[in-house]
Structures are given as C-alpha cells and as structure tokens.
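The values are calculated or read from the model by the stated rules, or taken from the named source; none is laboratory data. Not measured: the values here are computed from a predicted model. Glycine also receives a Cβ, built like all others from the backbone with ideal geometry; neighbour counts cover every protein chain displayed. With ligands, DNA and RNA removed, areas are computed over all heavy atoms of the protein, side chains included. Shrake-Rupley method; radii C 1.70, N 1.55, O 1.52, S 1.80 Å.
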Amino acid sequence: MRALAAAVLALAACSTALAGATRNVDLFRAFRAELPRVKQTTTVPVLLPPTLPLLGSHKVYTRAFATRSSFDLELSGSPNCSGANACFVAMFQGQRGGKLPSRPNARLAGGDPARFHPVTCGGSCAPNSFWFTHDGVLYSWQAKDLPSPAKAILTRMANQAIAAGPR
C-alpha cells in the first residue's frame, strides 16, 4: 500500500513539474504557410508577437481565415480542432473598426487602450482574453496555458507586436 501511495505521489509531482514547464512557440514559424494567404486577402494589418509562452509541451497545429476587413489565426493542440475548448490553444484576430468589449483596464506602451479578462470556468473554461485597439483596428487575442502573470505577458506581447509592425 505504501509503494502504491509513493508511486501516486511521484506521478503527481512529475505531472505538475511537466505542466509547469514553459516553452516559447515561434509564431512566425508556426504561421509561415498561412500568413501570405491572409495578407493577400485582408486589408487589416496583421500584428503578431514573435513568440507565445505556453505551459506544457504539446504540439500545436495552425489554422487561418481572412476577409477583407478581418483575420483570424488559430493554434490548437490537435488537427481540425475548429475552436473546440478541449484542443484550443490560442487565437489572434484583427477586425477593422471594432471596439473594446468593455472599459479598458490596461494601456499599451504607445497609449493604446486594452482590456484583459482572465481565465474563467463554469461549465467549461474560457481562456485568458486580451483586446486592444491600434490605428482603428480591434485586436482580440485569447490563450490557454499561459504562465503567470497572464495580463503582463499579453500586454508585453501586444507591445512587441506593435513595435515590430505588420507581418
């Protein structure tokens, strides 16, 4: 019985350690096949940070959509996820003329207003959400499995994306 308890504790410690491991996903590399098609379709500047820090080591799969006035770049943990909560990892959207969903609770380096909403769980969990407006475009980002503090990380990523300019 003690051996079983020790094995369970060891397994729990290992899974916690693995879950706490942070890695950076190179977003330019991840979306390299989709970005040319998105940029050809949309008139919205694609602002994307260079990396996304994630907990865990799961493989990520990409998907992209674009219209003349918007774009949507998605990362998931399985192919053909289609935004399902179980396999969703992150999403980066831009929409010309959009507005923040509520009052700003953050400011970016250049003064752009931003809104952060942390992970919330009810029947299922909603990811960290971050919205900001820049040059008449609403950018909406969501990400699960971010290390803490998520608000500071998303704010830094938005500042990096704006500083780098459209992709």
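Data for the structure
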read-out	value
Qualifying residue in the range 80-94 (condition: in a loop (DSSP other than H, G, I, E, B), within 14 Å of the chain's Cα centre (by Cα) and surrounded by 15 or more Cβ atoms within 10 Å (Cβ to Cβ))	yes
Qualifying residue in the range 21-33 (condition: exposed (fewer than 10 other Cβ atoms within 10 Å of the Cβ), modelled with pLDDT under 90 and not in a loop (DSSP other than H, G, I, E, B))	no
Residue among Arg107, Arg68, Arg63 that alone is open to solvent by 70 Å² or more (accessible area, probe 1.4 Å) and under 17 Å from the mean Cα position of the chain (by Cα)	Arg63
Filtered residues of the range 36-76 (kept if within 22 Å of Cys87 (Cα to Cα), aliphatic (A, V, I, L, M) and in contact (Cβ under 8 Å) with a residue 60 or more places away in the chain)	Leu48, Leu52, Leu54, Leu55
Given (1) open to solvent by less than 20 Å² (accessible area, probe 1.4 Å); (2) over 28 Å from Arg23 (Cα atoms); (3) small (Gly, Ala, Ser), number of the condition Ala143 does not satisfy	(2)
Selected residue [open to solvent by 50 Å² or more (accessible area, probe 1.4 Å), at pLDDT below 95 and either out of contact with any Leu (no Cβ under 6 Å at 6 or more places or on another chain) or farther than 22 Å from Phe28 by Cα (or both)] from Ser102, Ser124	Ser124
Lone qualifier among Arg167, Arg103, Arg115 - being in contact (Cβ under 8 Å) with a residue 24 or more places away in the chain and among the basic types (Lys, Arg)	Arg167
Hey, Ser57 open to solvent by 50 Å² or more (accessible area, probe 1.4 Å), closer than 26 Å to Asp135 by Cβ and in contact with a Lys or Arg (Cβ under 8 Å, 6 or more places away or on another chain) or not	no
